[in-house]
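Only one structure is covered here, and it is reproduced in the block below.
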Amino acid sequence: MMRRGCPESIDKPGGVGDPFKYACGLALLLLALACSRAYGDVGVVLNESLDTSVEWFTDSGHTAVYFSRICAESPVKLRPCRPGEEGSVMSTYENLGEDRRYAWNIVPVSIYVYGVRDARNRPVFGSEKIKSLLEDGYRNQSLADYCSQEDCRTGEKAEWRYMVGAGLTRSMYIFVVHTTPQQDLELIEKFNSLPNQNHFNGVTRNCADFVKGVVDTYFPHAAHRDVINDFGITSPKAVARTFTHYALSHPELKFYVLHFSQLPGTIRHSTETRNGIEMLYRSKILLVPMVIYADYELPMVAATHVLTARFNPEHEFEHHPAIRVEPASFASNGANSAANAGDIQTLHPVEMQDREEILGTNHEWEYYRQEFARILEQALHEEAVPNRHAFRHYFEYLDQSGKAYADSRGRLWLEVTVGGKPEKVGVSMDTILAPDSDPQLAFALLLARVDQVLRSPRHRRESMMEFKEDWAMLESARDRYSEPARSLTTSHSPVTEPSVAGSGAN
């Protein structure tokens, strides 16, 4: 049986590990979820709110459905997943923009979260240029037969784009329970037999109503609207909250929560979702009028929310963090791992990770902040990165001065002019440390990524398991750029090593 957690070389931040050999973030979780097993999963996806359209005013966010054992035969047709496939996300929008008025589309999980088919090739940072590149790639590969009109191909209002690389624009939580094969087959049959026609209505047929209907196919009345706190409209947060309550009251469903933090980069941070009453008493636009004209009602509104609708997605994640599936047979049968990946009998199911191992402790995060400060100081001293002020805007510099493109293998790169000379740097996990990726640009880019993660609050920060992958890549990039820099950095007297014991996540 493989031991739980990250390998030793990443557990100790001062050590240097191979990030491709020892990667242990949610990319591994997705790989594990790809392996067939005796049960499946269905989950309510709760996307944080963007500053666009009605979301800017309501902070309602968006919701979709995650399946581990249902995949896309096409963007508009379902089928059971084949061995090795990771599952999918299905969602509805007011206007997908496609040649027909479809009600819903379904895409692979990695396309939905990262914009790529393999999470190991996901972008290192997010920008509008990179997201547009990912959208174009998906449209050409999978959507060509459904998106031939000019408005669909180039129009920004075609909402199929929200289903490609959503993790570049916002954070998301997925509230997951187990399903049976029969339940999955029944849902496939139901949705493939129904006409996929759009009847979207923001009041009675919105995205939350759609998700509620899908969940109720599995578990009748498991999710429902909050008439009091959402004024009769079904909201994404109400569906997530009621589904969570249902799952916790049925322990046999093995409830857990996944969290995908928004990718570091130049795109504005998403904001936490709100229900109707939260929008009223937290809105900067409505607060002053309510204080003036409804000062007596305001405390009642707040009390109603506290008593009937309190729900914090981050707290649910911290209390029910994602489990990992340990492919034990891969460890004992390394030579046959490729063949075993598709064999339903080769995987031992589930072992719950320690909470601190997934989330990290205060002590661990502080350790990495101190160690990063030393690495950054040395990088500034060696002029590997600009001055401290410019460094905080490094993503913006790369985005404004660089040209994003995909090579013949679909891998992501950025071409930048440095000192009048064109250079290129990989901007995905599989290219940033490639031999032809400029070492200095790669080092500076990973420094900027790690810096943003370490400065983020908990609900915007990736897990400790993911962060250790980032850290291993940063160490490798530092080695590629400057051997003397590595020696000087590690010569400092060490701070206390982090441990999995201690206080909770910071």
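Counted residue by residue at 0.36 nm each, then reduced by the alpha carbon distance between them, the extension gain from R153 to S456 reaches 105.6 nm. Placing a pseudo-label 7 Å from each Cα along the Cα-to-Cβ vector at R268 and N312 gives an inter-label distance of 2.6 nm. Peptides 70-82, 383-395 ranked from most to least packed by the mean count of surrounding Cβ atoms within 10 Å: 70-82, 383-395. Each Lys or Arg adds one and each Asp or Glu subtracts one; over the other residues with Cβ under 12 Å from the Cβ of W413, this totals -1.
Work out how much length H389 to E366 would gain on full extension: take 0.36 nm times their residue separation and subtract the Cα-Cα distance, in nm to one decimal. Fully extending the segment from H389 to E366 adds 6.1 nm. For the peptides 105-113, 241-249, the ranking by mean Cβ contacts within 10 Å, running from highest to lowest, is 105-113, 241-249.
With the simple model of a label 7 Å out from the Cα in the direction of the Cβ, D99 to K190 spans 3.0 nm. Highest mean packing comes first when the peptides 151-162, 116-127 are listed by Cβ atoms within 10 Å, giving 116-127, 151-162. For each pair in K421/K468; K131/K424; K131/K237; K237/K403; K157/K421; K131/K468, compute the distance between the two Cα atoms and list the pairs where it is over 28 Å. K421/K468; K237/K403; K157/K421, as the Cα separations exceed 28 Å there. Taken over segment 92-151, the convex hull of the Cα atoms encloses 96 Å³ per residue.
Taking a point 7 Å from the Cα of Q197 along the Cα-to-Cβ direction, the residues of segment 93-115 with backbone N closer than 13 Å to it are 101-103. Within segment 58-209, what percent of beta bridges assigned by DSSP are antiparallel, to the nearest 5? Counting only bridges with both partners in segment 58-209, antiparallel ones make up about 100 percent.
Coordinate-derived values only; no laboratory data. What you see is a predicted model, and the numbers here were worked out from it, not measured in a lab. Cβ atoms come from the backbone with ideal geometry, glycine included; neighbour counts cover every protein chain shown.
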